[in-house]
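Here is the structure we will look at.
The values are calculated or read from the model by the stated rules, or taken from the named source; none is laboratory data. Note that this is a predicted model, so its numbers are computed, not measured. Positions of Cβ are generated from backbone atoms using ideal geometry, with glycine treated the same way; all protein chains shown enter the neighbour counts.
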Amino acid sequence: MFQEKIVSNHLNKLKGVIISKAYLLKGLYKKGGYMPKGKKENERVVYHVTPDAAGQTWIVSQDNGNFRREFDRKEDAVDFAKVWAQKAPLSQVKVHREDGNMEYESTYGEDPRDISG
């Protein structure tokens, strides 16, 4: 029974990744589906990929706290976050290490800052 529940949870998480990638590939998010937005017009949607408190799963969440998904593997969480981030005009994925420190970040859309160099 316990093992069946673990398998079921893992399959549900994978299903979420597959559905998200299919939506991105088909462009369904443009046709009335979920479109992530910042609070203001030019605000980035920021997704964080962090370990849970026990260090057993990986969490994808938004800065505003309206979005949260759990994954068994970090790679799945990062893939999911990048797929969803690419749906927004301005977005960012911040990937953290197991200790919580920042590992790297990926930015999508036009950069609103004017940086020389």
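Key figures for this structure:
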quantity: Subset of the range 38-67 (residues that are modelled with pLDDT under 65 and under 13 Å from the mean Cα position of the chain (by Cα)); calculated: none
quantity: Scope the range 83-107; condition farther than 22 Å from Gly55 by Cβ and either loosely packed, with under 15 Cβ neighbours inside 10 Å or not hydrophobic (A, V, I, L, M, F, W, C) (or both); matching residues; calculated: Gln86, Lys87, Pro89, Ser91, Gln92, Ser106, Thr107
quantity: Pair list, Cβ < 7 Å and 6+ apart or interchain, from the range 80-91 residues that are more than 17 Å from Glu43 (Cβ to Cβ) and at pLDDT 90 or above to residues that are assigned to a strand (DSSP E or B) and among the aliphatic types (A, V, I, L, M); calculated: Phe80/Val60; Ala81/Val49; Ala81/Val60; Ala81/Val93; Lys82/Val93
